[in-house]
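Written out below as C-alpha cells is the structure these notes cover.
The values are calculated or read from the model by the stated rules, or taken from the named source; none is laboratory data. These numbers were taken from a predicted model, which means no experiment stands behind them. Ideal geometry is used to build each Cβ from the backbone, glycine not excepted, and the neighbour counts take in all protein chains shown.
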Amino acid sequence: MSIKHLVFLLFLLVFPHKSNSQSVTNLEEINKVWFTFYQAFDSLDYKQMAVIHSKELIRISGGKNIIDYETYINNYKSKFRKSKEAGQTSEISLRFFERINNDSIASERGIYKLIRNKNKAHEQTYYGQFHVILKTENGIWKIFMDYDSDEGNSITEKQYLEALGITDFQKFIKE
C-alpha cells in the first residue's frame with residue numbers, strides 16, 4: 001500500500017463523516033478553493049495559497065517527502081517571488097477523474113497542467129496526477145492533504161484531456 005493510500009485511510013479514521021450528501025453545492029463550494037488556487041498561480045501570490053490550505057496541511061510531493069503548512073507556504077513565497085523577479089508566469093488548471101464529498105470531507109483526484117511562461121519563447125508545460133483531501137474548517141473548505149506526482153514524467157496531454165473539466169459535475173453526483 002502506498003503512502004498516499006495510508007495517509008488517506010488514516011484521515012478517514014481520524015475525521016469521521018458527518019453525512020453522505022455528495023452534492024453539486026459541495027462541488028461549487030470546493031471549486032471556490034480551486035479558483036483561488038488558479039488565481040494564486042496567475043498572480044504569483046503566495047498569500048492566496050495560505051488562505052486555502054489548512055494550517056494542519058500534509059503535503060506530499062511526488063512521493064519523495066512530506067512537509068507541513070509553514071514549509072509549504074514559505075516555499076511558495078520564495079518560488080513566486082523568484083518567478084516575479086525573473087518575469088516568469090505560471091498558469092495551472094485541473095481536470096478530474098474522481099470527486100467524492102460529503103458535508104465535511106472531500107477527496108479529489110485528477111490531472112494538473114502547469115504552463116510556465118505561456119506564449120513565450122521558453123514556454124514549458126508540466127503534467128502530473130494529484131490527490132487532494134479537503135475538509136471544512138469553520139464552514140470553509142480548506143486543503144488538508146495534497147499529494148502530487150508526475151508519475152515518472154508519464155502523464156500527458158491525452159490523460160489531461162480524458163479527465164473531466166472543473167465544472168463537469170454530473171458524473172460525480174451519485175443518485
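Couple of notes before you dig in:
- Failed item, numbered, when ASP148 is tested on (1) over 14 Å from the mean Cα position of the chain (by Cα); (2) within 19 Å of TYR69 (Cα to Cα): (1)
Residue by residue, here is whether (1) farther than 19 Å from PHE41 by Cα; (2) at pLDDT below 95; (3) over 13 Å from the mean Cα position of the chain (by Cα) holds:
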site	(1), (2), (3)
ALA106	yes, no, no
ARG109	yes, no, no
LYS113	no, no, no
THR136	yes, no, yes
ILE143	no, no, no
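- Options ILE100, ILE111, ILE155; residue that is part of a strand (DSSP E or B) and surrounded by 17 or more Cβ atoms within 10 Å (Cβ to Cβ): ILE111
- Residue check for GLN170: modelled with pLDDT of 95 or more and not hydrophobic (A, V, I, L, M, F, W, C): no
- Residue tally, condition among the hydroxyl-bearing types (Ser, Thr, Tyr), at pLDDT 95 or above and not in a helix (DSSP H, G or I), over the stretch 39-66: 1
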